[in-house]
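The values are calculated or read from the model by the stated rules, or taken from the named source; none is laboratory data. Not measured: the values here are computed from a predicted model. As a convention, Cβ positions derive from the backbone with ideal geometry for all residues, glycine included, and neighbour counts pool all protein chains shown. What goes into the accessible areas is simple: the full protein's heavy atoms, side chains included, and nothing from ligands, DNA or RNA. Shrake-Rupley method; radii C 1.70, N 1.55, O 1.52, S 1.80 Å.
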Amino acid sequence: MLDIRWKAAVFICALIIISLFSWLISDATTALLIFSASLLVYIFNHIFWLHKLQTWFKKPSLKEIPEGLGLWEDVFTLLLKYERNNTFNQTQLNSALERFNLATSAMPDGLVILSSSNEIEWCTPNAENQLGLDLTTDKNLPIVNLIRNSSFISYLYNEQYHEPFKLKSWRNPDLVLEIQLIPFANNQKLLISHDMTQLEKVDIMRRDFIANVSHELRTPLTVVGGFLETLIDMEGAVPEKLKPYFTMMDEQTIRMRRIIEDLLTLSTIESNSEDPDNSEINMSSLLKSVQNDAIGLSQSLTKKEHNIRLQVDSNLNLRGSIDELRSVFSNLVSNAIRYTPTNDASKSGEILISWGLQDGEPVFSVQDSGIGIEQRHIDRLTERFYRVDRSRSRETGGTGLGLSIVKHILIRHQAKLEIRSELGVGSTFSAIFPKARILQLK
Ligand code: ADP
């Protein structure tokens, strides 16, 4: 196809040649008349096709593209080609979008795209069902206006999205959702909702089973333990030769009772979906009493006592459930005592209990100079019945459930447990609380 500029140049040259020729065979006026009349026709022709093009642009359609004449035939052919490509790309894009929509609709999870200001931009039908949304009416509305759950709102604004969030549906109490937020692009977020109602049911069954078994075992064990104690104490009731066996039976019953108590505590904490108490805790006096209990435990376990020190920022109080947090602090301190020998010649059994701000964060920590833990065990310590040193745990009255209880209580208080340890050197267990839970007194 000849370039449009060449075609126009050829036409004008031909017109000039014709005009010059007519000048030769006739006169200058006739030549000028022929030249200007042809030029006028040329301009009107362009205006006509420009108008056609303008009319087409107002209502563009592939079928309606004019055929054109001369230069304009080339222009309209190119336009037709461009439009065909465009229509083809559009069809491709539409079918890709349709496939994407079908795929996301088939997903069991719900997807919602949130804008940088947390407004709903798009969501799948499953998200509409699970979260009670309606894209036609809720598009561009803030998600917090539609999911009115205070814990969800703080999860959204806290921007700590590494852990998913469990949401009990307010519209349907039987529905339990796991919500995960994933930031992407320019501060936008992808919200994934996963229906975990069945899993939750199984978990409730498991918790109920453990709680029921523990309850059922508690009474018979108390009776057995009571009789054993009576028999041991009763003069002449047990032959001297059998006394050590009876004492062993008594010790094992006490151990079983302790395990049952811990199992009951754990299942009570796990099944408690209500927020913990939010009362102000005087950390100085609470930790002083934890220290006193620790001194008592140290005296009962070892001949040579531990050196238990306390470092408390008395201007810093904590908000939470005092009973639950006392259990956390006592568990960590009692572990430090139980896993720190005092008969070691090189070390004297140092334990430091501290509470205060560390890098701006409120931290309770217990540092010991005990046996330490190998790195490979650290991630598993909060699992139920996970023990590194079984015999030491048993000898010192451990149940293997202490750190599980600690972990669950801390989760309820939005706090996290950090464990640093070196084998043979000692360990530091730290509970890091959110700043929202502290009260600065000065
Ligand atoms: P246990 O009743 O057996 O102490 P826990 O759940 O409290 O159960 O602790 C789990 C395991 O973690 C313990 O058995 C022990 O091996 C290890 N552990 C906990 N605290 C310490 C510590 N301060 N020093 C060394 N090991 C520890």
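Pick from 109, 134, 138, 174: which is open to solvent by 100 Å² or more (accessible area, probe 1.4 Å) and either modelled with pLDDT of 90 or more or closer than 14 Å to residue 195 by Cβ (or both)?
On the way: 109 fails: open to solvent by 100 Å² or more (accessible area, probe 1.4 Å); 134 fails: open to solvent by 100 Å² or more (accessible area, probe 1.4 Å); 138 fails: open to solvent by 100 Å² or more (accessible area, probe 1.4 Å).
Of 109, 134, 138, 174, the one residue that is open to solvent by 100 Å² or more (accessible area, probe 1.4 Å) and either modelled with pLDDT of 90 or more or closer than 14 Å to residue 195 by Cβ (or both) is 174.
Taking the condition near the ligand (Cβ under 9 Å from one of its atoms), in contact with a His (Cβ under 8 Å, 6 or more places away or on another chain), assigned by TED's automatic domain parsing to the domain that holds residue 288 and among the polar types (S, T, N, Q), does residue 340 pass?
Working: near the ligand (Cβ under 9 Å from one of its atoms): yes; in contact with a His (Cβ under 8 Å, 6 or more places away or on another chain): yes; assigned by TED's automatic domain parsing to the domain that holds residue 288: yes; among the polar types (S, T, N, Q): yes.
Yes: the conditions hold for residue 340.
How do the helices (runs of 4 or more DSSP H) wholly within region 105-199 filter down when requiring 2 or more residues that are among the hydroxyl-bearing types (Ser, Thr, Tyr): which remain? Break it down into steps so the answer makes sense when it comes.
Details: elements: 125-131, 135-138, 143-146, 150-158.
Those helices (runs of 4 or more DSSP H) span 135-138, 150-158.
When you check residue 253 against the structure, is it surrounded by 14 or more Cβ atoms within 10 Å (Cβ to Cβ) and of a type in the set (Val, Ile, Thr), yes or no? Walk me through how you get there before you give the answer.
Numbers: surrounded by 14 or more Cβ atoms within 10 Å (Cβ to Cβ): yes; of a type in the set (Val, Ile, Thr): yes.
For residue 253, the condition - surrounded by 14 or more Cβ atoms within 10 Å (Cβ to Cβ) and of a type in the set (Val, Ile, Thr) - is met.
Scan region 414-442 residue by residue and report those that are under 14 Å from residue 332 (Cβ atoms) and touching a Ser or Thr at 6+ places or on another chain (Cβ under 8 Å).
Step one: filter region 414-442 for residues under 14 Å from residue 332 (Cβ atoms), giving 415-421, 426-433.
Residues satisfying the conditions are 417, 418, 419, 420, 421, 426, 427, 428, 429, 430, 431.
Would a scan of region 354-367 turn up a residue that is in contact with a helix residue (DSSP H, G or I) (Cβ under 8 Å, 6 or more places away or on another chain), hydroxyl-bearing (Ser, Thr, Tyr) and either more than 27 Å from residue 155 (Cβ to Cβ) or not assigned by TED's automatic domain parsing to the domain that holds residue 155 (or both)?
Step one: list which residues in region 354-367 are in contact with a helix residue (DSSP H, G or I) (Cβ under 8 Å, 6 or more places away or on another chain), which gives 355, 360-362, 364, 366-367.
Applying the additional criterion that residues be hydroxyl-bearing (Ser, Thr, Tyr) yields none.
There is no residue in region 354-367 that is in contact with a helix residue (DSSP H, G or I) (Cβ under 8 Å, 6 or more places away or on another chain), hydroxyl-bearing (Ser, Thr, Tyr) and either more than 27 Å from residue 155 (Cβ to Cβ) or not assigned by TED's automatic domain parsing to the domain that holds residue 155 (or both).
Those residues that are within 33 Å of the chain's Cα centre (by Cα) and either of a type in the set (Lys, Arg) or not assigned by TED's automatic domain parsing to the domain that holds residue 351 (or both), I need them from region 300-323; list them, please.
319
For region 387-399, how many residues are free of Cβ contacts under 8 Å to residues at least 24 places away in the same chain and either under 30 Å from residue 435 (Cα atoms) or open to solvent by less than 50 Å² (accessible area, probe 1.4 Å) (or both)? Steps first, answer last, please.
Just the residues of region 387-399 that are free of Cβ contacts under 8 Å to residues at least 24 places away in the same chain, to begin with: 387-388, 390-391, 395.
Restricting the remaining residues to those that are either under 30 Å from residue 435 (Cα atoms) or open to solvent by less than 50 Å² (accessible area, probe 1.4 Å) (or both) gives 387.
Qualifying residue count for the region: 1.
Quick one: residue 280 ticks every box in (1) open to solvent by 50 Å² or more (accessible area, probe 1.4 Å); (2) within 28 Å of the chain's Cα centre (by Cα) bar one, so which box is it?
(2)
Residues are listed down the side, and each one gets a yes or a no for (1) touching a strand residue (DSSP E or B) at 6+ places or on another chain (Cβ under 9 Å); (2) under 27 Å from residue 274 (Cα atoms):
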{"site": "375", "(1), (2)": "yes, no"}
{"site": "390", "(1), (2)": "no, no"}
{"site": "394", "(1), (2)": "no, no"}
{"site": "400", "(1), (2)": "no, yes"}
{"site": "414", "(1), (2)": "no, yes"}
{"site": "421", "(1), (2)": "yes, no"}
{"site": "427", "(1), (2)": "yes, no"}
{"site": "431", "(1), (2)": "yes, yes"}
{"site": "436", "(1), (2)": "yes, yes"}
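Out of (1) open to solvent by 90 Å² or more (accessible area, probe 1.4 Å); (2) under 30 Å from residue 267 (Cβ atoms), what's the single condition that is false for residue 159?
(2) is the only condition that residue 159 fails.
Can you tell me how many residues in region 167-198 are under 10 Å from the mean Cα position of the chain (by Cα) and within 18 Å of residue 273 (Cβ to Cβ)?
Of the residues in that region, 2 qualify.
Can you pull out every residue in region 317-350 that is in a helix (DSSP H, G or I), open to solvent by 20 Å² or more (accessible area, probe 1.4 Å) and more than 13 Å from residue 298 (Cα to Cα)? Steps first, please.
First, pick out the residues of region 317-350 that are in a helix (DSSP H, G or I): 322-338.
Cutting the leftovers down to open to solvent by 20 Å² or more (accessible area, probe 1.4 Å) gives us 322-324, 326-327, 330-331, 334-335, 338.
Correct list: 322, 323, 324, 326, 327, 331.
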